[in-house]
Amino acid sequence: AQKVTQAQTEISVVEKEDVTLDCVYETRDTTYYLFWYKQPPSGELVFLIRRNSFDEQNEISGRYSWNFQKSTSSFNFTITASQVVDSAVYFCALSEAGTTDSWGKFQFGAGTQVVVTP
Amino acid sequence: NAGVTQTPKFQVLKTGQSMTLQCAQDMNHEYMSWYRQDPGMGLRLIHYSVGAGITDQGEVPNGYNVSRSTTEDFPLRLLSAAPSQTSVYFCASSYSGSLGDTQYFGPGTRLTVL
């Protein structure tokens, strides 16, 4: 079963609009980490943020912000005042405590394609 | 630091051919892994290694072999390529593979099997 669900396949916005990417995860562990990665058209995967399950504070980094809610098992990502350079595929990933054997394994969502037009 | 490097960037194979995708990192990371990326499926773990001499299978290991003779290198071998192995392959590394370690990815290899 998919442990990380990114239900939005593609989101298209016009520059300066805000865009929110949804990430819903599933785990039985109380200790886990969540990640967001960006994949621009050039293809590489760029790390954006890491959040552990005990830290529910929202985080803001420039135009990026993240809303972590354990009650709804969600870790949503908002880009404020989007720019063309934000056009990319964004992946959410989960790393669970489970056993020590599973620590390094990431479960990725299917990704959300963001298209920002001028 | 070059980070995680992968070669080649693109490759076309015929069914049944073999090849090795190269991956190297210069960050002295213990943990390395290989993922494949397919449309609509995100990234799926093929094999991983927690240190030199130690490898294990991930979610989709069939058709792939790995070895880890040094800390720096983690090659992925396709013994007999099949069209189902057409994908983009990413190598990643992290400091120790401990819970919460961030994985850093290479630029990817786009493989087409005809």
Given the options A:63, A:28, A:50, state which has the largest fluctuation in a GNM of chain A using a 10 Å cut-off (strictly under) for Cα springs.
-> A:28
Determine, from the Cβ-Cβ distance of residue B:20 and residue A:22 and an R0 of 30 Å, the FRET efficiency 1/(1 + (r/R0)^6), rounded to the nearest 0.05.
-> 0.20
Roughly speaking, to the nearest percent, how much of chain A's 1.4 Å accessible area is carbon and sulfur?
-> 48
Take every Cα pair under 8 Å in the range B:1-66 that's 6+ residues apart, average their separations, divide by the length, and report that relative contact order as a whole percent.
-> 22
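Let me have the relative contact order for chain A, percent, based on Cα pairs under 8 Å that are six or more residues apart.
38
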In whole Hz, what ³J(HN,Hα) sequence does the range B:58-75 give by Karplus (6.51, -1.76, 1.60; θ = phi - 60°), x for Gly and Pro?
-> x, 6, 10, x, 5, x, 10, 10, 9, 8, 9, 8, 10, 5, 7, 10, 8, x
Residues with amide H under 5 Å of residue A:114's amide H, sequence separation 5 or more or different chain, H placed in the peptide plane at 1.01 Å from N; which?
-> A:11, A:88, A:89, A:90
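Take chain A, mark every one of the GluC sites (Glu not before Pro) that falls in a DSSP loop and has at most 14 other Cβ within 10 Å, then report the longest stretch left between them, sites excluded.
A:57-118
What part of the accessible area of chain B, given as a whole %, is carbon or sulfur when the probe is 1.4 angstrom?
51
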Nearest 100 Å² is fine: how much accessible area is buried between B and A, summed over both sides, with a 1.4 Å probe?
-> 1800
Pseudo-spin-label distance residue A:58 to residue A:2, built 7 Å along Cα→Cβ, given in nm, is 2.6
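List the chymotrypsin sites (Phe, Trp or Tyr not before Pro) within the range A:36-118 that fall in a DSSP loop (any state other than H, G, I, E or B) and whose Cβ has at most 16 other Cβ atoms within 10 Å.
Listed in order of number, the matching sites are A:54.
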For the range B:3-66 and the range A:1-79, what is the separation of their Cα centres, given in Å?
-> 25
Given chain B, what percent of its DSSP beta bridges are antiparallel, to the nearest 5?
-> 90
Hey, quick one: spin label on residue B:12, modelled 7 Å out along Cα-Cβ, who in the range B:88-114 has an amide N within reach, i.e. under 19 Å?
-> B:88-89, B:109-114
Given H placed on each backbone N at 1.01 Å, which residues far from residue B:81 in sequence or on other chains put an amide H within less than 5 Å of it?
-> B:16, B:17, B:18
How big is the antiparallel share of DSSP beta bridges in chain A, given as a percent to the nearest 5?
-> 85
Tell me, which longest segment in chain B has none of the trypsin sites (Lys or Arg not before Pro) that fall in DSSP loops with at most 14 further Cβ atoms within 10 Å?
-> B:15-114
Accessible area per residue, Å², chain A with all protein chains present, probe 1.4 Å | 49
Convert each backbone phi in the range A:66-76 into a coupling constant with the Karplus relation 6.51 cos²θ - 1.76 cosθ + 1.60 (shift: θ = phi - 60°), then list the ³J(HN,Hα) values in order as whole Hz, x for Gly and Pro.
-> 10, 10, 9, 10, 5, 4, 10, 6, 10, 9, 8
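The values are calculated or read from the model by the stated rules, or taken from the named source; none is laboratory data. The structure displayed is predicted, hence computed values, not measured ones. Cβ: placed from backbone, ideal geometry, glycine included. Neighbour counts: every protein chain shown. These accessible areas exclude ligands, DNA and RNA; they are computed on the full protein's heavy atoms, side chains included. Shrake-Rupley method; radii C 1.70, N 1.55, O 1.52, S 1.80 Å.
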